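**Q** Quick one: the structure is below, and I'll ask about it shortly.
The values are calculated or read from the model by the stated rules, or taken from the named source; none is laboratory data. In this text, all values refer to a predicted model and were calculated from it rather than measured experimentally. All Cβ positions, even for glycine, are placed from backbone atoms using ideal geometry, and neighbour counts span all protein chains on display. These accessible areas exclude ligands, DNA and RNA; they are computed on the full protein's heavy atoms, side chains included. Shrake-Rupley method; radii C 1.70, N 1.55, O 1.52, S 1.80 Å.
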Amino acid sequence: MSPPGYRAGPASAAVPWGAWGLRAAAVLYLGALVLVPLAVIVQDGLRQGLAGLWRAISLPIAWHALRLTFWTAALMAGINAVMGTLTSYVLVRYQFPGKRLLEALVDLPLAVPTLVTGVMLVVLYGPQSPLGGWLESSFGWRVIFAPPGIVLALLFVTFPFVVRTVQPVLEDLDREQEDAAATLGAGAWTIFRRVTLPALSLSILSGALLSFSRAIGEFGAIVIVAGNIPLYSQTAAVYVLGEVESENRLGASAVSIVMLATSLALIWLVDALHRRLVRR
Amino acid sequence: MDTHLRARLQAACGLLALALSSACGGAAEEEVGSRLILGAYTTPREAYSELIPIFQSRWESQRGQPVTFEESYLGSGAQSRAIIEGFEADVAALSLEVDIERIAEAGLITHDWRSAPSGWLVSTSIVAFAVRPGNPLGIRDWADLARPGVEVLTPNPRTSGGAMWNILGLYGAAVRGGVQGVPAGDQEAATEFLQAVLRNVSVMDKSARDSMTTFENGVGDVAITYENEVLVGQQAGQGYELVIPGSTILIENPVVLVDEYVDQHRMRPAAEAFVAFLFTPEAQEIFARHGLRSQNPAVAASTAAFYPPVRDLFTIEEQFGSWDTATPRFFSEQGIFTLAISQVQGE
């Protein structure tokens, strides 16, 4: 997440070497660490041209894996947008016992290895657990080893994203408008809907997009909870592993390119949204 | 982004390479040829931890000079790729012939390994089932896996050699007339039977070990797996039971010298002696104690009590020609398995 609003001042004209050195170091670092490996994947995926790339993506199993990845991530992002906003609203506006603990818990999902997340979810919701067994026998809902398990895993893994983008905006929000609306007789819900929410909308959107982009590449938790049946519960990242393992680098890279391009587009979008946010 | 996954794979390889290059550098400086590097698949790890000390003491008493070991255990396919990409294993002990073939194609194995003096298929196993204690669903043979409501586990053939054995075992048994209701030689009926079983598969893990872990965690009624996975699990205190189908495929595990690295490290005498040692009755008995069926007829006879004979045991050569023909026939884009799973999920 790029910190909004901070711009470095112009470097001192007398000694530009330090500044140039810093820039060169940053660019080289980024290039070696991010750009070169990405370029390798793109080159790999395009070695049979665009037609080859398209053919690899349009194989039923690959295409299904991509669709599954995107719809589960989109559903997760939607839920995150609502629940993340609610959480940050509660954290900023209300005082209650245990608030500090809750505040600390928000970031915890980022610290838990995602593989552990997966195991944890299987223990909790798996068909053998009391909860999972009950859901399946009473409602016929299979959570783990089915697409709902993927959404659940993604929700856990990306929990902090919306909360942490909305929270600072909410904290800085000028409450005069809300007070004015209250004076004019608007109810709490109306105030939230007509005054607070519009001010938060950009940050909610950018948080949701970031979590979406993070979710596309999730592997560790998903490979445990999804069941990984091709054309049913196998996501793109798990498909890519299969293709790498069976020496189909073109297939692996082609699907990777789609995931990568989507993430990149979203990150650009988030960045653009941030700029708008800052200008306001 | 799959960079996540890819980065992890590459980081793992990078670390391995790093660890090795420093280790090899050190070895070269002190004394030529005293460290043997074994690149193996995961299943026989416990067997090797017994075998290696015996070989070491033998070697030292015969040659008056110690030999140290460096061991690495990975999934067979991953190990094979690691060796190609510079993990300098002197001896490769893998679960599939294709994984050895890949190393040979990369030019690292230059001798005719299929006619190595001591042999090259060091241990065998069969495709079998693990079922719940007491076998509550009464699973006896392949046909039971297609019954409605039976939950089956088998790993993903794209990532697991074990899963490929499972599918070939199932399909082979079906076309050989080993599955009730499937006429011998009827490929269409065999494919339908494959679909019926796939319909019952709820989880496809990425390796045979992972699949057994899922089963151990209480998921599924049957896991299709190697016989030795079940036996080793039972030795470790797992309560599940082994069911051997009437007709199944013989799994053969190769051990081969990697010439390029052996010569670089000047380890040929020790490496050859180690491979020969693995085929001695003594070593074969150790493999047998760890769930693997022995290649040695005498050892096989003496351990027959633990390894009941299979009514109709077939090899990949007999049934499918070779891996080179079976792999594309079953697992390519238009392969029998790929089409079957598409059919099942498309319903």
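**Q** Any residue at all in region B:232-246 that's under 24 Å from B:Phe331 (Cα atoms), open to solvent by less than 30 Å² (accessible area, probe 1.4 Å) and at pLDDT 95 or above?
**A** Yes, some residue in region B:232-246 is under 24 Å from B:Phe331 (Cα atoms), open to solvent by less than 30 Å² (accessible area, probe 1.4 Å) and at pLDDT 95 or above.
Yes/no per residue for (1) within 14 Å of another protein chain (Cβ to nearest Cβ); (2) assigned to a loop (DSSP other than H, G, I, E, B); (3) closer than 30 Å to A:Tyr239 by Cα:
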{"residue": "B:Gly107", "(1), (2), (3)": "no, yes, yes"}
{"residue": "B:Thr110", "(1), (2), (3)": "no, yes, no"}
{"residue": "B:Leu145", "(1), (2), (3)": "no, no, yes"}
{"residue": "B:Arg158", "(1), (2), (3)": "yes, yes, yes"}
{"residue": "B:Tyr171", "(1), (2), (3)": "no, no, yes"}
{"residue": "B:Pro183", "(1), (2), (3)": "no, yes, no"}
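**Q** Same structure, new question: Which of the residues spanning region B:304-338 are of a type in the set (A, V, I, L, M, F, W, C) and touching a residue at least 24 places away in the same chain (Cβ under 8 Å)?
**A** Scanning region B:304-338 gives B:Phe306, B:Val310, B:Leu313, B:Phe314, B:Ile316, B:Phe320, B:Trp323, B:Ala326, B:Phe330, B:Phe331, B:Ile336, B:Phe337.
**Q** Which of the residues spanning region A:56-66 are without any contact (Cβ under 8 Å) to a residue 24 or more places away in the chain and touching a helix residue (DSSP H, G or I) at 6+ places or on another chain (Cβ under 9 Å)?
**A** Listed by number, the list holds a single entry, A:Trp63.
**Q** In region A:70-77, is there at least one residue being part of a helix (DSSP H, G or I), open to solvent by 20 Å² or more (accessible area, probe 1.4 Å) and modelled with pLDDT under 95?
**A** Within region A:70-77 (the criterion being part of a helix (DSSP H, G or I), open to solvent by 20 Å² or more (accessible area, probe 1.4 Å) and modelled with pLDDT under 95), the answer is no, since none of the residues qualifies.
**Q** Counting residues that are open to solvent by 20 Å² or more (accessible area, probe 1.4 Å), which helices (runs of 4 or more DSSP H) fully inside region A:171-280 reach at least 2? Outline the logic, then answer.
**A** Numbers: elements: A:176-183, A:188-191, A:197-216, A:220-225, A:236-245, A:249-279.
Correct list: A:176-183, A:188-191, A:197-216, A:236-245, A:249-279.
**Q** Ok, one more. With the condition kept exactly as written, say whether any residue in region A:194-216 is in contact (Cβ under 8 Å) with a residue 60 or more places away in the chain, in the same structural domain as A:Val90 (by TED's automatic domain parsing), of a type in the set (A, V, I, L, M) and under 26 Å from B:Gly220 (Cα atoms).
**A** No, region A:194-216 has no match at all.
**Q** In region A:252-263, what residues are at the interface with another protein chain (Cβ under 9 Å from one of its Cβ atoms) and not hydroxyl-bearing (Ser, Thr, Tyr)?
**A** Across region A:252-263, the qualifying residues are A:Ala252, A:Val255, A:Met259, A:Leu260.
Yes or no, residue by residue, for (1) open to solvent by less than 60 Å² (accessible area, probe 1.4 Å); (2) within 12 Å of chain B (Cβ to nearest Cβ); (3) within 20 Å of A:Ala74 (Cα to Cα); (4) assigned to a helix (DSSP H, G or I):
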{"residue": "A:Val116", "(1), (2), (3), (4)": "no, no, no, yes"}
{"residue": "A:Val119", "(1), (2), (3), (4)": "no, yes, no, yes"}
{"residue": "A:Gly132", "(1), (2), (3), (4)": "yes, yes, no, yes"}
{"residue": "A:Ser137", "(1), (2), (3), (4)": "no, no, no, yes"}
{"residue": "A:Val143", "(1), (2), (3), (4)": "yes, no, yes, no"}
{"residue": "A:Ile150", "(1), (2), (3), (4)": "yes, no, yes, yes"}
{"residue": "A:Leu154", "(1), (2), (3), (4)": "yes, no, yes, yes"}
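**Q** Among the residues of region B:200-215, is any open to solvent by 30 Å² or more (accessible area, probe 1.4 Å) and of a type in the set (S, T, N, Q)?
**A** Scanning region B:200-215 turns up at least one residue that is open to solvent by 30 Å² or more (accessible area, probe 1.4 Å) and of a type in the set (S, T, N, Q).
**Q** Could you tell me which residue of region A:52-67 is nearest to the chain's Cα centre (by Cα), considering only residues that are open to solvent by 80 Å² or more (accessible area, probe 1.4 Å) and not charged (D, E, K, R)?
**A** Selected residue: A:Trp63.
**Q** For region B:126-133, does any single residue satisfy the condition of being β-branched (Val, Ile, Thr), in contact (Cβ under 8 Å) with a residue 40 or more places away in the chain and within 14 Å of chain A (Cβ to nearest Cβ)?
**A** Within region B:126-133, the subset β-branched (Val, Ile, Thr) is B:126-127, B:131.
From the residues that got through so far, the ones that are in contact (Cβ under 8 Å) with a residue 40 or more places away in the chain too are B:126-127, B:131.
Subsequent filtering for residues that are within 14 Å of chain A (Cβ to nearest Cβ) retains none.
Scanning region B:126-133, I find no residue that is β-branched (Val, Ile, Thr), in contact (Cβ under 8 Å) with a residue 40 or more places away in the chain and within 14 Å of chain A (Cβ to nearest Cβ), so the answer is no.
**Q** I've got another one for you. Would you say A:Pro127 is farther than 23 Å from A:Gln234 by Cα and more than 24 Å from the chain's Cα centre (by Cα)?
**A** So A:Pro127 does not fit the description; no.
**Q** I want to confirm something. Restricting to region B:315-338 and keeping residues that are closer than 15 Å to A:Ala62 by Cβ and open to solvent by 70 Å² or more (accessible area, probe 1.4 Å), which single residue is nearest to the other protein chains (Cβ to nearest Cβ)?
**A** The extreme case among them is B:Glu333.
Conditions tested, residue by residue: (1) surrounded by 21 or more Cβ atoms within 10 Å (Cβ to Cβ); (2) in contact (Cβ under 8 Å) with a residue 40 or more places away in the chain.
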position: B:Ser61; (1), (2): no, no
position: B:Asp90; (1), (2): yes, yes
position: B:Ala93; (1), (2): yes, yes
position: B:Thr110; (1), (2): no, yes
position: B:Ser115; (1), (2): no, no
position: B:Ser118; (1), (2): no, yes
position: B:Val122; (1), (2): yes, yes
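**Q** So B:Gly178 ticks every box in (1) away from every other protein chain (no Cβ under 14 Å); (2) open to solvent by 20 Å² or more (accessible area, probe 1.4 Å); (3) at pLDDT below 95 but one. Which box is left unticked?
**A** Condition not satisfied by B:Gly178: (2).
**Q** Follow-up question, since we're still on this one. Just checking: which of the strands (runs of 3 or more DSSP E) contained wholly in region B:200-271 hold 2 or more residues that are closer than 26 Å to A:Ser246 by Cβ and within 19 Å of the chain's Cα centre (by Cα)? Reasoning before the result, please.
**A** Details: elements: B:201-203, B:222-226, B:241-243, B:247-257.
Where strands (runs of 3 or more DSSP E) fall fully within region B:200-271 and carry at least 2 residues being closer than 26 Å to A:Ser246 by Cβ and within 19 Å of the chain's Cα centre (by Cα), they are B:222-226, B:247-257.
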